[in-house]
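Structure record follows, encoded as structure tokens.
The values are calculated or read from the model by the stated rules, or taken from the named source; none is laboratory data. Everything quoted here is computed from the prediction, not taken from an experiment. Heads up, the Cβs are rebuilt from the backbone with ideal geometry, glycines too, and the neighbour counts pull from every protein chain shown.
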Amino acid sequence: MNEKNSSKLLIGVSQCLLGEKVRFNGDHKRDRYICGMLSDYADYRPVCPEVAIGMGVPRPPIHQEGNPEDPTVVGVQDKSINVTKPLKQFSKQYVKDLDELSGFILKSKSPTCGMERIKVYQHTGQALRNGIGVFARELIAAYPYLPIEEEGRLCDPVLRENFITRIFAYYRWQQLMLTKPSKKDLVEFHTRHKLLLRSHNEAGYQRLGTLMADLKDISLTELKQQYLAEFMSTLKTRANAKKHANVLYHMLGYLKKHLDQQDKEEMVNLIESYRKGKVPLVVPITLFKHHFRRFPNPYIEQQYYLTPHPDELMLRNHV
């Protein structure tokens, strides 16, 4: 996945984010990142649940009312418009056939697609902000390990890097599953992700290590289920400067016999500059890549940590 336009990922996306005029007011919410840089590496499967159930464009606006766990979806002005049942039916049917997707990007604040903090109006007129879009709820329930995010949150560099890291990791898992892997193949997959996992969550990394340490008394099916659940949960934890610095120092240990004192000091200074927020992660990573080209290490060469996603996406330039 390092070459532009090779083996593109398939990502589900709320249709309005692609610039299609499917909003209730006949407008769109074209997202520059989704339609721009990310589109070099991803094809999209668009969906607008409201249009899909025949509401049309433009259409009366709708919102959620009642119980946040099981809301009704009705017209804002005309309460006789109740689309709860058709939205649920469409959503349940639609999410049955999404196994090829490596991620999903939803429209924030939407009563159908929003992931979190959706307004749910009460009979008093008060709006609780703890709802989930009808479609989003079914999607999350059907695919608990699928990387799912809202477009608004992707404006945050840390959240964006985390999401893209997860969709590429999930894609690699999908590709592995197509080969009908053995337990040995799963061990190799885990080994290649060790440093990446440690940069996100050391405890999750340790749990995965324990799972993979003794494979005699676990079936392959159970192993795959348990591994994927912990793998994606671990990666969902946001990496931060402290965790990355720990991994960078760990990698420096593989170079200690090759670098002279001046090079070692340069690496330490760069790691500390990154840890203190003076330079982005791409700076020490680039120098590490340089040194490992000079002094190849079989273990480091196979690690996805140095390139968890295409460098051209420049995600580590901003974290």
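Within the stretch 250-258, is even one residue among the small types (Gly, Ala, Ser), under 22 Å from THR191 (Cβ atoms) and in a helix (DSSP H, G or I)? Checking the stretch 250-258: at least one residue is among the small types (Gly, Ala, Ser), under 22 Å from THR191 (Cβ atoms) and in a helix (DSSP H, G or I). Count of the stretch 277-300 residues, restricted to those that are in contact (Cβ under 8 Å) with a residue 24 or more places away in the chain and either under 27 Å from the mean Cα position of the chain (by Cα) or within 19 Å of LEU315 (Cα to Cα) (or both), is 9.
Scanning the stretch 151-173 for residues that are over 10 Å from the mean Cα position of the chain (by Cα) and of a type in the set (D, E, K, R) yields GLU151, ARG153, ASP156, ARG172. Taking the criterion of being part of a loop (DSSP other than H, G, I, E, B) and either free of Cβ contacts under 8 Å to residues at least 60 places away in the same chain or closer than 25 Å to MET177 by Cβ (or both), the residues of the stretch 133-152 that qualify are GLY133, TYR143, PRO144, TYR145, LEU146, PRO147. Do you know which of the residues in the stretch 210-249 that are of a type in the set (Phe, Trp, Tyr) and touching a residue at least 24 places away in the same chain (Cβ under 8 Å) is nearest to LEU315 (Cα to Cα)? The selected residue is PHE231.
Within the stretch 219-240, the set of residues being buried (at least 16 other Cβ atoms within 10 Å of the Cβ) and farther than 21 Å from PRO147 by Cα is empty.
Considering each residue of the stretch 11-31 in turn, at least one proves to be in a helix (DSSP H, G or I), among the polar types (S, T, N, Q), buried (at least 19 other Cβ atoms within 10 Å of the Cβ) and in contact (Cβ under 8 Å) with a residue 12 or more places away in the chain.
Scanning the stretch 214-240 for residues that are part of a helix (DSSP H, G or I) and either of a type in the set (Asp, Glu) or modelled with pLDDT under 95 (or both) returns GLU222, GLU230. Here SER7 passes the criteria (1) more than 28 Å from the chain's Cα centre (by Cα); (2) exposed (fewer than 14 other Cβ atoms within 10 Å of the Cβ); (3) without any contact (Cβ under 8 Å) to a residue 12 or more places away in the chain except the one numbered (1). Answer yes or no as to whether GLN89 is assigned to a loop (DSSP other than H, G, I, E, B) and more than 25 Å from the chain's Cα centre (by Cα). It is false that GLN89 is assigned to a loop (DSSP other than H, G, I, E, B) and more than 25 Å from the chain's Cα centre (by Cα). When HIS190 is tested against (1) part of a helix (DSSP H, G or I); (2) touching a residue at least 12 places away in the same chain (Cβ under 8 Å); (3) out of contact with any helix residue (DSSP H, G or I) (no Cβ under 6 Å at 6 or more places or on another chain); (4) farther than 19 Å from TYR33 by Cβ, just one condition goes unmet, and that condition is (3).
Scanning the stretch 264-281 for residues that are buried (at least 16 other Cβ atoms within 10 Å of the Cβ) and either assigned to a helix (DSSP H, G or I) or touching an Asp or Glu at 6+ places or on another chain (Cβ under 7 Å) (or both) returns MET267, LEU270, ILE271, TYR274, ARG275.
Taken together, LYS243, LYS180 contain a single residue that is outside the structural domain of GLU149 (by TED's automatic domain parsing) and either more than 21 Å from the chain's Cα centre (by Cα) or in a loop (DSSP other than H, G, I, E, B) (or both), which is LYS180.
Looking at the stretch 104-119, which of its residues are part of a strand (DSSP E or B) and surrounded by fewer than 23 Cβ atoms within 10 Å (Cβ to Cβ)? Hit for the stretch 104-119 is LYS119, nothing else.
Only one of the numbered conditions (1) touching a residue at least 24 places away in the same chain (Cβ under 8 Å); (2) farther than 21 Å from PRO144 by Cβ is violated by SER110, and that is (2). Residue pairs whose Cβ atoms lie under 7 Å apart, sitting 6 or more positions apart in sequence or on different chains, and linking a residue in the stretch 197-209 that is free of Cβ contacts under 8 Å to residues at least 24 places away in the same chain to a partner that is assigned to a helix (DSSP H, G or I) and β-branched (Val, Ile, Thr), do not occur here.
Of everything listed in (1) farther than 21 Å from ILE140 by Cα; (2) in contact with a Lys or Arg (Cβ under 6 Å, 6 or more places away or on another chain), the single unmet condition for GLY12 is (1).
The C-beta contact set for the stretch 167-178 (first residue surrounded by fewer than 20 Cβ atoms within 10 Å (Cβ to Cβ) and modelled with pLDDT of 95 or more, second residue outside any helix (DSSP H, G or I) and among the hydroxyl-bearing types (Ser, Thr, Tyr), distance under 8 angstrom, 6+ apart or interchain) comprises GLN174/SER102.
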